[in-house]
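Colleague: Structure incoming, see below.
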Amino acid sequence: MRNGHVTAPLAEPASETGAPLLELENVHVSYGAIHALKGVSLRVAPGQIVTLIGANGAGKSTTLRAITGLVRPRAGAIRLRGQEIGGLKPHRIVQLGVAMAPEGRRIFPNLTVAENLMMGAYHRTDAARIAADLDRVYRLFPRLYERRRQSGGTLSGGEQQMLAVGRALMSNPRILCLDEPSLGLAPALRQEVFRALAQLHQEGCTLLLVEQNARAALKLAQYAYVLETGRVVLEGPAHELAEDPQVRRAYLGEG
């Protein structure tokens, strides 16, 4: 992995349906002269947690930005349930079922917690389902219910992260993308966020996770991709990658 050679997959990600929910095929993204993604291919099966790990600048967040329409791929395909979504506007991608809790949370500090959550459902008209999803978010994050009338800017960093995840869930996504959900959180709050993600998985949610805490990400996920300088250099079942000597040296601080 350190010499830049692509390593063969350890296994194919399992899918109950035989078809991926989300698929990237040979995706390239550039920022001006910077070639950020160099042919990234990956698959996420329904109901899976898939994680992307790698050093800063490896292309993890750019991959999420391409999926959610925040950057436009210059080549390659991004498909949701077989439908090409690469290059669509972000609001249209949300309507099709892709939501993201972004790095840095990006909540609305002057809106209440409840108003922030409802912003996640801006494109929906199914009032009964919206109410049910709001109750679900409050069950998942009881702190948000306790603080539902507070402005978002008064929350702690961990509570703002919960709010960002809850807001994304209010769009009723088919797949939830999370960009560094534990970044900057105290250990207790980090554990609470990961507990919520595990609960979402038990409920059948599909998650694509970018996470700087590689050990926690590999423990949570079923499948993992390792990115280096815009390329996938290793992939396989997460528990196998957690035992891979290269991964342990480069990302788990061992050996």
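The values are calculated or read from the model by the stated rules, or taken from the named source; none is laboratory data. Keep in mind the model is a prediction, meaning the values are calculated, not measured. Counting neighbours? That spans all protein chains shown, and the Cβs are built from the backbone with ideal geometry, glycine included.
Colleague: Exactly one condition in (1) of a type outside the set (V, I, T); (2) touching a Ser or Thr at 6+ places or on another chain (Cβ under 9 Å); (3) at pLDDT 90 or above is not met by R190; state its number.
Modeller: Failed condition: (3).
Colleague: Residues of the stretch 243-255 being in a loop (DSSP other than H, G, I, E, B) and surrounded by 19 or more Cβ atoms within 10 Å (Cβ to Cβ), which ones? Explain how you work it out, then say what you get.
Modeller: So in the stretch 243-255, the residues in a loop (DSSP other than H, G, I, E, B) come out as 243-244, 252-255.
Matches in the stretch 243-255: D244 only.
Colleague: When the stretch 1-49 is examined, which residues are found to be of a type in the set (A, V, I, L, M), modelled with pLDDT under 95 and surrounded by 15 or more Cβ atoms within 10 Å (Cβ to Cβ)? Outline the logic, then answer.
Modeller: Step one: list which residues in the stretch 1-49 are of a type in the set (A, V, I, L, M), which gives 1, 6, 8, 10-11, 14, 19, 21-22, 24, 27, 29, 33-34, 36-37, 40, 42, 44-45, 49.
Add one more test, that the residue is modelled with pLDDT under 95, and what stays is 1, 6, 8, 10-11, 14, 19, 33-34.
M1 - this is the single residue of the stretch 1-49 that is of a type in the set (A, V, I, L, M), modelled with pLDDT under 95 and surrounded by 15 or more Cβ atoms within 10 Å (Cβ to Cβ).
Colleague: Taking the residues in the stretch 71-85 that are in a strand (DSSP E or B) and touching a residue at least 40 places away in the same chain (Cβ under 8 Å) as candidates, determine which candidate is nearest to N26 (Cα to Cα).
Modeller: Applying the first criterion (in a strand (DSSP E or B)) to the stretch 71-85 yields 75-80, 83-84.
Retained after the next criterion (residues that are touching a residue at least 40 places away in the same chain (Cβ under 8 Å)): 75-80.
Details: A75: 7, G76: 5, A77: 7, I78: 9, R79: 12, L80: 15 Å.
It comes out as G76.
Colleague: Among the candidates G59, G54, single out the residue that is buried (at least 21 other Cβ atoms within 10 Å of the Cβ), under 17 Å from V232 (Cα atoms) and modelled with pLDDT under 95.
Modeller: Numbers: G59 fails: modelled with pLDDT under 95.
The conditions single out G54.
Colleague: On to the next question. Could you tell me which of the residues E235, E211 is of a type outside the set (K, R), surrounded by 20 or more Cβ atoms within 10 Å (Cβ to Cβ), closer than 27 Å to M119 by Cβ and touching a strand residue (DSSP E or B) at 6+ places or on another chain (Cβ under 7 Å)? Break it down into steps so the answer makes sense when it comes.
Modeller: Details: E235 fails: closer than 27 Å to M119 by Cβ.
The unique qualifying residue is E211.
Colleague: Let me ask another. Can you run down the residue pairs with Cβ atoms below 9 Å, 6 or more apart or on separate chains, where the first is in the stretch 215-235 and assigned to a helix (DSSP H, G or I) and the partner is surrounded by fewer than 24 Cβ atoms within 10 Å (Cβ to Cβ) and of a type in the set (K, R)?
Modeller: A216/R190
A quick yes/no check of all residues on (1) closer than 19 Å to L218 by Cβ; (2) crowded, with 18+ Cβ neighbours inside 10 Å; (3) not aromatic (F, W, Y):
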site: G166; (1), (2), (3): no, yes, yes
site: L176; (1), (2), (3): yes, yes, yes
site: Q191; (1), (2), (3): yes, no, yes
site: E203; (1), (2), (3): no, no, yes
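Colleague: Find all pairs meeting these conditions: Cβ atoms under 7 angstrom apart; at least six residues apart or on different chains; first residue within the stretch 27-43 and farther than 20 Å from A224 by Cα; second residue of a type in the set (G, A, S) and not in a strand (DSSP E or B).
Modeller: What qualifies is V29/A66; H35/G230.
Colleague: Of all residues being more than 23 Å from the chain's Cα centre (by Cα) and among the hydroxyl-bearing types (S, T, Y) in the stretch 113-149, which is nearest to A188 (Cα to Cα)? Just the residue, please.
Modeller: Y145
Colleague: How many residues, within the stretch 143-183, are touching a Ser or Thr at 6+ places or on another chain (Cβ under 6 Å) and part of a loop (DSSP other than H, G, I, E, B)?
Modeller: 1
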